[in-house]
1. From (1) within 16 Å of the ligand (Cβ to nearest atom); (2) among the small types (Gly, Ala, Ser); (3) not in a strand (DSSP E or B), pick out the condition that doesn't hold for Gly82.
2. Kindly check whether there is at least one residue in the stretch 47-67 that is under 16 Å from Gln298 (Cα atoms), of a type outside the set (A, V, I, L, M) and in a loop (DSSP other than H, G, I, E, B).
3. Any residue that is open to solvent by 10 Å² or more (accessible area, probe 1.4 Å), more than 14 Å from the ligand (Cβ to nearest atom), over 21 Å from Gly155 (Cα atoms) and assigned to a helix (DSSP H, G or I) - is there at least one of those in the stretch 286-306?
4. Give all pairs with beta carbons closer than 8 Å in which a residue from the stretch 149-162 that is within 15 Å of Met292 (Cβ to Cβ) meets a residue that is assigned to a strand (DSSP E or B) and within 7 Å of the ligand (Cβ to nearest atom); count only pairs at least 6 apart in sequence or on separate chains.
5. Yes or no: Thr54 within 30 Å of Arg374 (Cβ to Cβ), under 17 Å from the mean Cα position of the chain (by Cα) and open to solvent by 20 Å² or more (accessible area, probe 1.4 Å)?
Amino acid sequence: MASQQRSALIVGAGIAGLATARALQRTGWKVHVVERSGTLQPMGTGITIWANGTRALERLGLLGAFQDASLPVGGSSHDQFGNVLASFSSDDMRHRYGHPLRAIHRSDLTTLLNDSLYVNTVHLGLQAVKFRRDPHGGTVMLNNGGNMHADLVIGADGLRSLVRHDLVGDGAPRASGITAMRAVCPIGDLDPEWLPWGESWGNGEVFGMVPLPGGLVYWYATMPNAALAQDGDVLWRTLALQRFDSWHPAIRGVILATKSQDIMAHELFDRKPVLAWSGSHATLVGDAAHPMLPFLGQGAGQALEDAVALADALAADWNITSALRSYEQARAPHTAKVVKGSRKMASMAREQKPWKQKLQRSMISMLPQALVYRQLDDVVGRVKS
Ligand SMILES: Cc1cc2nc3c(=O)[nH]c(=O)nc-3n(C[C@H](O)[C@H](O)[C@H](O)COP(=O)(O)OP(=O)(O)OC[C@H]3O[C@@H](n4cnc5c(N)ncnc54)[C@H](O)[C@@H]3O)c2cc1C
């Protein structure tokens, strides 16, 4: 019995689904992934991965490929005029957490995860429309009229997960009232020395920029929805130019270097954390389990950690149901803290009262580095020296 190959069906081929497929294949599972989209290429923006995510990629045997495709980045917090409030270098991060923060194009991360899987693992254009559990596993009904059965069904289907609906049933996600824009542009003639790398904060808005391999800049901006209401049917580039007009001029330069159609924008959502998200033969990973606002830059990192933790729990315990309980106990309390921390950070970022912003700025600039790191330690995981 113990030598029989077990099967897993993963719904969703985002970072969580692909990483989980990799983790399970490495521990002997037969894995299929169904993805509703006809292509694996995610939106064309960047992403940053903290050391905890890099350690998970290392466990998946992908450290070298990830390092080759990404850049180590340091960063600073600025006010909107470019005055530095606090900063950290990639060497500081490497020293404390074992790896620096790294920036990568999303499509490169997806590609390296997908390339690590056996052929015919991922089935594109197949949407799960219904999910049913039975005493021996779970069955997923598909949009093509077919269905697939496996010993274990894993919902890696993101914010509005169908599998979560069955396992947790907590309705719609929470709207944050914050809109995010994201884009990648060529650095072109912009002087890298002049750009305020990291994040700039002011007026309840945030503008972040990080370098990507290949002479690209990944930038993102967040702002309260109310700031957009008057603009109606907005052209995002025009709006970004208006909103950040009086900020550090390099921000304007980066927006001008971006084509309007390359900017994606949408409202941000999360969910109130839950401590149980598994059933007898089904569980969740990534945003399906613990969607969070992006203000700690941890969603993908936590998804990568889920993948490793789930495979570890299933390798340590042949009973799928109790292994899922161990996985959940290892991950749910921790990710709940990260969801709450991200929400706290979001409420600071959207603060519009000038006196509170001033207070925040002086706190950020006066906070000793050791204290800032101590807050990060919990999330990123300090390496014992
Ligand atoms: C503005 C912004 C910036 C961010 N920046 C960072 C960052 O710098 N660092 C970081 O770590 N995280 C960041 N995140 C978070 C990160 O993007 C997410 O946490 C991560 O991508 C979640 O991956 P996932 O695979 O769980 O979900 P998703 O990426 O949502 O993937 C879910 C997949 O499931 C598929 N799917 C859904 N339903 C079905 C179905 N019924 N049948 C079949 N397929 C289905 C979808 O098509 C999709 O491909 C950011 C998020 C936002 C919004």
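1. Gly82 satisfies all of (1) within 16 Å of the ligand (Cβ to nearest atom); (2) among the small types (Gly, Ala, Ser); (3) not in a strand (DSSP E or B) except (1).
2. Yes - at least one qualifying residue is present in the stretch 47-67.
3. Scanning the stretch 286-306 turns up no residue that is open to solvent by 10 Å² or more (accessible area, probe 1.4 Å), more than 14 Å from the ligand (Cβ to nearest atom), over 21 Å from Gly155 (Cα atoms) and assigned to a helix (DSSP H, G or I).
4. Partner pairs satisfying both residue conditions: Ser161/Val11.
5. No: the conditions fail for Thr54.
Here's the yes/no breakdown for (1) at pLDDT 95 or above; (2) over 19 Å from Arg22 (Cβ atoms); (3) part of a strand (DSSP E or B); (4) open to solvent by 10 Å² or more (accessible area, probe 1.4 Å):
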{"site": "His95", "(1), (2), (3), (4)": "no, yes, no, yes"}
{"site": "Arg102", "(1), (2), (3), (4)": "yes, no, yes, yes"}
{"site": "Asp108", "(1), (2), (3), (4)": "yes, no, no, yes"}
{"site": "Leu113", "(1), (2), (3), (4)": "yes, no, no, no"}
{"site": "Leu117", "(1), (2), (3), (4)": "yes, no, no, yes"}
{"site": "His123", "(1), (2), (3), (4)": "yes, no, yes, yes"}
{"site": "Val129", "(1), (2), (3), (4)": "yes, yes, yes, yes"}
{"site": "Gly138", "(1), (2), (3), (4)": "yes, yes, yes, no"}
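Residue-by-condition table, conditions (1) modelled with pLDDT under 95; (2) under 30 Å from Ala323 (Cα atoms); (3) open to solvent by 40 Å² or more (accessible area, probe 1.4 Å); (4) among the small types (Gly, Ala, Ser):
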| site | (1), (2), (3), (4) |
| --- | --- |
| Leu162 | no, yes, yes, no |
| Gly171 | no, yes, yes, yes |
| Gly177 | yes, no, no, yes |
| Val184 | no, no, no, no |
| Leu216 | no, no, yes, no |
| Thr238 | yes, no, yes, no |
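The values are calculated or read from the model by the stated rules, or taken from the named source; none is laboratory data. All of these numbers come straight from a predicted model, not from anything done at the bench. Here Cβ is always computed from backbone atoms with ideal geometry, including for glycine, and neighbour counts include all displayed protein chains. All accessible areas refer to the heavy atoms of the entire protein, side chains included, with ligands and DNA or RNA removed. Shrake-Rupley method; radii C 1.70, N 1.55, O 1.52, S 1.80 Å.
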